[in-house]
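Colleague: My questions all concern the structure below.
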Amino acid sequence: MLLIFLVLVKGIIFYPIDTPHDNNLAFNIGESIVEVESIAPAPPTNVVAKDKPNDAGGGIIVSWTKSADDGAGRESVIEYQIFRSTSPDEGFELIGTANKGFYRFVDSATKDGTKYFYVVKAFDGMLHSQAVMSEAVASRAQWFHTGRISMLVAVLIISFLVLWFIRKAKRGEELYIRPIAGLEAVDDAVGRATEMGKPIMYIPGILDMDDIQTIASMIILGRVARKAAEYETPLLVPCCRSIVMSAAQETVKEAYLDAGRPDSYDADKIRYLTDDQFGYAAGVDGLMIRETPGAIFYMGAFYAESLILAETGHSTGAIQIAGTAMPSQLPFFVTACDYTLIGEELFAASAYLSREPLLLGSLKGQDFGKAIFIIIIIIGVILATFGFSELAAWLTTG
Amino acid sequence: MKKQIPLIITFIAGMAMIIQYFIPHRPFSDIQQLFNTWFLIITVFAMILGLGNLLKLHTRRLQRRPSGWWYSIVLLIGFAIMFIAGMVWGIERGTPFDYLFWNVHLPMSSMMFALLAFFVASASYRAFRARTPEATLLLVSAILVMIGRVPLGNYIWDKLPLLGDWIMSYPNMAGQRAIMIGIALGVISTSLRIILGIERTYLVGK
Amino acid sequence: MNIIERLEKIDRRIIFILILLAVIIPLLLPIGFKIKVSEPVRIFYETIEELQPGSIVLISSEYDPSTMPEVYPMNQALARHCFAKNLKIIGMGLWPQGIPLNQASMEQAAEEYGKEYGVDYVNLGYKAGGIVVISAVSENIPTTFPQDYAGRSVEEFEVMEGVKNFDNIDLIVSLSAGDPGVRQWIMIAQGRYGKKVSGGVTAVSAPAFYPYLHAGQLRGLIGGMKGAAEYETLIKKSGTASRGMDAQSIAHGLIVLFIVLANVFFIIGKRKKA
């Protein structure tokens, strides 16, 4: 009677350890609670474990094909349980779970060089499916991120072009660059402020020195400060970050030294206001209303405060030149300022203002890089239109 | 030497960040996090510089009394109140610092942001003139998007929101992508110049 | 100066007063414009609807009080939607000022739906580092945030049981007003780990995320107060965004009227000079 009872009941893990069902795994017999109608879910299939690519080691990806009872069949699967051991016969420990519908698990706690075996079981809340084991796999660190080859190629091409044109410029070749109204107006703006007897205000954006726009802004500040020093026009630089304030003070001091006017340099005119975005906007607005500058420069990264600053600046009657690589703020500056440097023109400013051959050469190289990208985009669009997406896939970085 | 050392540090740090992007193997994979942590630490100490500058400047204004010197009193009192409230009672919910954050700082920040509504109106009135074909295209697009993105647009013409969305999704997106590609190239070129020491104005002057 | 020239150069304070009236009057006397739902918000809504009860949603708040009028209503509506569907919420933030705002919205929704802190939701707080924090969270959440925003150990909380990293998170929603924000979550969570990421952003930055939406990297986008009002319409719970739509409609209409009038005066003035 007992034997008949056992035959009728399915899904019981009363199997001896060495039967094919359990794949020689050691589990406690009393683990599963048996109900007469309970049937263990179908197991996942095709369990594959491989080293996580392009990482610093310590990672193995376990993937499988979903159980037939996951989202189909009896729809009884609620999760998958992943077990790991260094031996195929024993010592498997539960290391994680994956929700139903998922077919991938990342084990981020492996030791490089150690071979692991993984078992995945479907679980319905009471019963486990048969265990399915992967081949042995060991994790290791990679020396090159293969998903970023396209990026490496792009960087090498652009770097080569930039350096090539710098070399051409060093040899004395004349390099034509198109005029940019905003940059040609810098001298006029400084001159106008001087004639009116009003100071110049330079706003270097609200991000810190780790942002490339702020660095570009410091470069332009150096040029503007030198002009201001030559004309003996006061220069105000309200800063949003402490490091930017320190960098701006050094930049302006060097510019005054270069212009032969070290005594005119006043460190108090380059001041820190606050890190808070709108507190900074309020502070700068107040400075504008009180100091009534003749020229205002907005160079760097800005967010929502851009129009608040630009409109207040306009109300003072100052000539305004803005430059930012924040696409969302460009419309506001275009509307409220006299001249706007759009995106990459901000980064080209130092080359334009100094006319140094090395900087002009890098600008040409950058432009040639852009031409190459335009050609690649056109080719990619044509290929994608006809269903060939390999180029797009190769260009996508991991 | 004073000019060389910053350039050498810039070169090493720049090259390290580029290399770590392509080489996942340790120790390269840890470089970005390490540098970020160093930067955070430096920023915190630099705040002391900024605060010192602020307090020094405004204390001096109290002594010299130039025009508008009373604003310096407001700043110093505000600074003292928030500093003492935070240090003595902490910053959790229910403390004086938290009360001041929600009932003073928050409304003031929102007020500054709200100024944009007025400035957008005055800037639009002043600047959106059909002087050239491009300016006309700009103002027509602005009108369609502004009306299309509020319920009023649906009442005027039920296709207006779709038109506004189309302008945002296609011409606007194409323009944004073009600007972003240009910016990315500008960033690469500027970064290369900075790393190689070709551009050094921001660091050591000319 | 004749009348046309005067109107062309009108004192901007008159414009300010008209805008003030255009905003205040509809707030005091609501009109009740019907709100039509756009596709990006519908996708956002359906992404939440697809989740099963008990699924875990990570809500990351990257905004501050200055952008509260636009982003906070999204936060509130999202918390309500999640609790209505019996989803679990893990809150965190990459901007320090977003933490109390996220907490307030979750608390309010929890009260409405009878949810309990620690069982149905938790707020892990703020960590400095931006994209570095996202990378750390992708590997191990309890190690990155060993305590919640109030300094209690995360191991105490039922909602954090079994939650180790991104593998245990069903959806990531970033509510952001700048950087770090949605872009960084897409880069790491979606780009590297293939997780579903949805976003809520200010109206001015929404267009910049359309490329990600169209590429499928972003599962839905709520843009600005209008987007928040649309989302409130979908979850059938009116909030501050819906109430603000009347005022926004009238204000936008007034600005368009200013632009049209300015161009009429400009053309008349030009013709007179010619």
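Every number here is computed from the coordinates shown, using simple stated rules; none is lab data. These numbers come from a predicted model, not from an experiment. Reconstructed Cβ throughout: ideal geometry from the backbone, glycine too, with neighbour counts over all protein chains shown.
Colleague: Given a cut-off of under 8 Å on Cα pairs at least six residues apart, what relative contact order in percent is computed for the range A:45-138? Working shown, then result.
Modeller: On the way: 210 pairs, mean separation 30.8, N = 94.
After rounding, I find 33 percent.
Colleague: I would also like to ask the following. Report the Rg/Rh value for the range C:73-225, based on alpha-carbon coordinates and the Kirkwood definition of Rh.
Modeller: Working: Rg = 14.6 Å, Rh = 15.6 Å.
My calculation puts Rg/Rh at 0.94.
Colleague: Which whole-number percent of Cα pairs in the range B:128-206 have a distance greater than 15 Å?
Modeller: Numbers: 2158 of 3081 pairs.
Across the range B:128-206, Cα pairs with separations above 15 Å total 70 percent.
Colleague: Convex hull volume of the Cα atoms in the protein assembly as shown, per residue, in Å³? Write down the numbers at each step before the final one.
Modeller: Working: hull volume 180.6 nm³, N = 878.
So the per-residue hull volume is 206 Å³.
Colleague: Could you grab the Rg to Rh ratio for the range B:69-127? Cα atoms only, Kirkwood for Rh. If you can, show how the numbers build up before the last one.
Modeller: On the way: Rg = 16.4 Å, Rh = 13.6 Å.
A ratio of 1.20.
Colleague: Measure nothing but the geometry: give the 0 to 90° angle between the long axis through the Cα atoms of C:240-273 and the longest principal axis through the Cα atoms of chain C, rounded to 10°.
Modeller: 30
Colleague: Continuing with this model, one more query. Against the globular-protein guess of 2.2 N^0.38 Å, express the Cα radius of gyration of the range C:1-104 as a ratio, rounded to two decimals.
Modeller: On the way: Rg = 20.8 Å, N = 104, 2.2 N^0.38 = 12.8 Å.
Dividing the Cα Rg of the range C:1-104 by 2.2 N^0.38 Å gives 1.62.
Colleague: What's the Kirkwood radius of the range A:37-190 in Å, using all Cα pairs?
Modeller: Averaging 1/r across every pair of different Cα atoms and inverting gives 19.8 Å.
Colleague: In Å, what Kirkwood hydrodynamic radius results for chain B from the alpha-carbon pair distances? Could you put the intermediate results ahead of the total?
Modeller: Numbers: mean 1/r = 0.0422 Å⁻¹.
That comes to 23.7 Å for chain B.
Colleague: Let's see if you can work this out: charge +1 on each Lys and Arg Cβ, -1 on each Asp and Glu Cβ, no other charges. What is the dipole magnitude of chain B about its Cα centre, in debye to the nearest 20? All intermediate terms of the calculation are to be shown ahead of the outcome.
Modeller: Values: 18 positive and 7 negative charges, 206 e Å.
Using Cβ point charges on Lys, Arg, Asp and Glu, chain B gives about 980 debye.
Colleague: Around C:PRO142, with a cut-off of 10 angstrom between Cβ atoms, what is the net charge of the other residues, counting Lys and Arg +1 and Asp and Glu -1?
Modeller: Working: positive: C:LYS164; negative: C:GLU155.
It works out to a net charge of 0.
Colleague: Report the charge-dipole magnitude of the protein assembly as shown in Debye, nearest 20, computed about the Cα centre from +1 at each Lys and Arg Cβ and -1 at each Asp and Glu Cβ.
Modeller: With only Lys, Arg, Asp and Glu charged at Cβ, the dipole is about 3380 debye.
Colleague: What is the Cα coordinate range of the range A:185-276 on the first, second and third principal axes, sorted by size from largest, in whole angstrom?
Modeller: 34, 25, 21
Colleague: Taking the dipole about the Cα centre of chain A, with the C-beta of Lys and Arg at +1 and of Asp and Glu at -1, give me whichever of A:GLN320, A:TYR352, A:GLY205 is farthest to the positive side.
Modeller: A:TYR352
Colleague: If you take the alpha carbon radius of gyration of chain A and divide it by 2.2 N^0.38 Å, what ratio comes out, to two decimals? Working shown, then result.
Modeller: Numbers: Rg = 33.3 Å, N = 398, 2.2 N^0.38 = 21.4 Å.
Rounded to two decimals, the normalised Rg is 1.56.
Colleague: Separate question: Using only the Cα atoms of chain C, each taken as one equal point scatterer with no solvent, compute I(q) by the Debye sum, divide by I(0), and report log10 of the ratio at q = 0.09, 0.10, 0.13, 0.14 Å⁻¹.
Modeller: -0.47, -0.56, -0.83, -0.93
Colleague: Per the Debye formula with a single identical scatterer at each Cα and no solvent contribution, what log10 I(q)/I(0) holds for the range C:121-164 at q = 0.16, 0.20 Å⁻¹?
Modeller: The calculated log intensity ratios at q = 0.16, 0.20 Å⁻¹ are -0.38, -0.59.
Colleague: From the mean inverse distance of alpha carbon pairs (Kirkwood) and the Cα radius of gyration, derive Rg over Rh for the range B:1-91. Don't jump to the answer; show the numbers that get you there.
Modeller: Details: Rg = 21.0 Å, Rh = 17.1 Å.
That ratio is 1.23, to two decimals.
Colleague: Now a separate question. What do you get for trypsin sites (Lys or Arg not before Pro) in the range A:122-198 restricted to DSSP loop and a cutoff of at most 11 other Cβ within 10 Å of the site's Cβ? Mind dumping the intermediate values first?
Modeller: Values: sites: A:ARG140, A:ARG148, A:ARG167, A:LYS168, A:LYS170, A:ARG171, A:ARG192; in loops: A:ARG140, A:ARG171.
Counting only loop positions with at most 11 other Cβ atoms within 10 Å, the trypsin sites (Lys or Arg not before Pro) in the range A:122-198 are A:ARG171.
Colleague: Now, a different point. Taking square-rooted eigenvalues a ≥ b ≥ c of the alpha carbon gyration tensor, is the range A:317-398 rounded, prolate or oblate, where a/c under 1.5 means rounded and, failing that, a/b exceeding b/c means prolate?
Modeller: Details: a/c = 3.55, a/b = 1.73, b/c = 2.05.
Taking the square roots of the gyration eigenvalues as a ≥ b ≥ c, the range A:317-398 is oblate.
Colleague: Follow-up question, since we're still on this one. What FRET efficiency comes out for C:ARG13 versus A:GLU230 if R0 is 35 angstrom and r is the Cβ-Cβ distance? Round to the nearest 0.05. Write down the numbers at each step before the final one.
Modeller: Numbers: r = 39 Å, r/R0 = 1.12.
Computed FRET efficiency for C:ARG13 and A:GLU230: 0.35.
Colleague: Among C:GLY253, C:GLY93, C:GLY239, which one shows the biggest mean-square fluctuation in a GNM of chain C, springs joining Cα atoms closer than 10 Å?
Modeller: C:GLY253
Colleague: Right, another one. Is the range C:60-106 rounded, prolate or oblate when judged by the Cα gyration tensor, a ≥ b ≥ c being the square roots of its eigenvalues, rounded requiring a/c under 1.5 and prolate requiring a/b larger than b/c?
Modeller: Details: a/c = 2.83, a/b = 1.58, b/c = 1.79.
Cα axes put the range C:60-106 in the oblate bin.
Colleague: Let me ask something else about it. Report, in deg cm²/dmol and to the nearest 500, the calculated mean residue ellipticity at 222 nm for chain A, where each DSSP H run with n ≥ 4 adds -39500 (n - 2.57) and the sum is divided by the residue count.
Modeller: Details: 11 runs with 161 residues, N = 398.
That calculation yields -13000 deg cm²/dmol at 222 nm.
Colleague: Using a 7 Å offset from Cα along Cα-Cβ at B:ALA16, what residues in the range A:41-63 end up with backbone N under 19 Å from the label point?
Modeller: Under cut-off, by backbone N: A:56.
Colleague: Any idea what the alpha-carbon Rg over 2.2 N^0.38 Å comes to for the range C:1-52? Kindly include the intermediate steps, with their values, before the conclusion.
Modeller: Numbers: Rg = 21.0 Å, N = 52, 2.2 N^0.38 = 9.9 Å.
Ratio of Cα Rg to 2.2 N^0.38 Å: 2.12.
Colleague: Loop only by DSSP, 13 or fewer other Cβ within 10 Å of the Cβ. Give me the chymotrypsin sites (Phe, Trp or Tyr not before Pro) in the range C:143-189 that pass, ordered by residue number.
Modeller: Values: sites: C:TYR149, C:PHE157, C:PHE166, C:TRP185; in loops: C:TYR149, C:PHE157.
Those that pass, being in a loop and sparsely packed, number zero.
Colleague: Normalised by the residues of the range C:78-216, what does the relative contact order come to in percent, with Cα pairs under 8 Å and at least six apart?
Modeller: Values: 187 pairs, mean separation 27.1, N = 139.
With pairs under 8 Å counted, the relative contact order is 19 percent.
Colleague: State which helices in chain A qualify, where a helix is a whole DSSP H run, it must extend 20 Å or more along its own axis by its Cα atoms, and its mean Kyte-Doolittle hydropathy must be at least -1.0. Please report the intermediate quantities before stating the final value.
Modeller: Values: long enough: A:149-170 (31 Å, 1.91); A:181-196 (22 Å, 0.08); A:212-231 (29 Å, 0.60); A:242-258 (24 Å, 0.15); A:277-291 (21 Å, 0.22); A:357-385 (42 Å, 1.69).
Counting only whole DSSP H runs, the qualifying helices are A:149-170, A:181-196, A:212-231, A:242-258, A:277-291, A:357-385.
Colleague: Amide H of A:GLY96: which non-local residues (sequence gap of 5 or more, or other chain) have their own amide H closer than 5 Å, using H built in the peptide plane?
Modeller: A:ILE82
Colleague: Hey, another quick one. Compute, for chain A, the length of the dipole vector about the Cα centre, with Cβ point charges of +1 (Lys, Arg) and -1 (Asp, Glu) only. Units Debye, rounded to 20.
Modeller: Details: 32 positive and 47 negative charges, 214 e Å.
Roughly 1020 debye, rounded to the nearest 20.
Colleague: Would you work out which of B:ILE23, B:TYR99, C:PHE209 lies farthest towards the positive end of the dipole of the protein assembly as shown? Charges go on Cβ: Lys and Arg +1, Asp and Glu -1.
Modeller: About the Cα centre, the residue reaching furthest to the positive side is C:PHE209.
Colleague: Using the Kirkwood formula on the Cα atoms of the range A:256-325, what hydrodynamic radius do you get, in angstrom to one decimal? Spell out each step's value before the answer.
Modeller: Numbers: mean 1/r = 0.0743 Å⁻¹.
Kirkwood radius, the range A:256-325: 13.5 Å.
Colleague: Related question: Considering only the other residues whose Cβ falls under 11 Å of the Cβ of A:GLU135, what net charge follows from Lys and Arg at +1 and Asp and Glu at -1?
Modeller: Working: positive: A:LYS50, A:LYS115; negative: none.
Here the count lands on +2.
Colleague: May I pose another question? Can you give me the orientation-averaged projected area of the convex hull built on the Cα atoms of the range C:143-274, in nm²? Present the calculation step by step, with values, prior to reporting the outcome.
Modeller: On the way: hull surface 51.8 nm².
The orientation-averaged projected area of the Cα hull of the range C:143-274 comes to 13.0 nm².
Colleague: Pairs of lysine in the range C:132-274 with Cα under 30 Å and at least 8 positions apart or on different chains: total?
Modeller: 10
Colleague: Please name which of A:CYS337, A:ALA255, A:ALA371 has its Cα lying farthest along the dipole of chain A towards the positive end, using unit charges on Cβ (Lys, Arg +1; Asp, Glu -1) and the Cα centre as origin.
Modeller: The Cα lying farthest towards the positive end belongs to A:ALA371.
Colleague: Across peptide B:173-183, how many C-beta atoms of other chains are within 10 Å of each residue C-beta, on average? The partial results should precede the final answer.
Modeller: On the way: counts 7, 1, 3, 8, 5, 4, 8, 5, 6, 11, 12.
Mean shielding by partner chains, rounded to a whole number: 6.
Colleague: Enumerate the whole-percent occupancy of each 5 Å bin, from 0 to the last occupied one, for all C-alpha pair distances of the range A:248-398.
Modeller: Values per bin, smallest distances first: 2, 8, 11, 13, 15, 15, 11, 9, 6, 5, 3, 2, 0, 0.
Colleague: Further, regarding this structure: What does the net charge come to around C:LEU94 if you take all other residues with beta carbon closer than 12 Å to its beta carbon, with K and R at +1 and D and E at -1? Could the numbers behind the result be given before it?
Modeller: Working: positive: C:LYS127, C:ARG183; negative: C:GLU62, C:ASP64, C:ASP179.
Result for the neighbourhood of C:LEU94: -1.
Colleague: Something else now. Could you tell me what a quarter of the Cα convex hull surface of the range C:230-274 works out to, in nm² with one decimal place? Mind showing how you got there, number by number?
Modeller: Details: hull surface 14.1 nm².
With the hull built on Cα positions only, its mean projection is 3.5 nm².
Colleague: With helices defined as uninterrupted DSSP H runs, which ones in chain B have an alpha carbon span along their own long axis of at least 15 Å and mean Kyte-Doolittle hydropathy of at least 1.0? Write out the running numbers ahead of the final one.
Modeller: Details: long enough: B:4-22 (28 Å, 1.73); B:31-64 (49 Å, 0.67); B:70-89 (29 Å, 2.12); B:106-127 (31 Å, 1.28); B:133-148 (22 Å, 1.94); B:171-195 (36 Å, 1.08).
The answer, listed by residue number, is B:4-22, B:70-89, B:106-127, B:133-148, B:171-195.
Colleague: Can I ask one more? At what distance in angstrom do the alpha carbon centres of the range C:172-238 and the range A:221-257 lie from each other?
Modeller: Comparing the Cα centres of the range C:172-238 and the range A:221-257, I get a distance of 39 Å.
Colleague: Something else now. How well do other chains shield peptide C:257-269, expressed as the mean number of their Cβ atoms within 10 Å of each residue Cβ? Could you put the intermediate results ahead of the total?
Modeller: On the way: counts 2, 6, 12, 3, 1, 8, 8, 0, 2, 4, 2, 0, 0.
The per-residue average across the peptide is 4.
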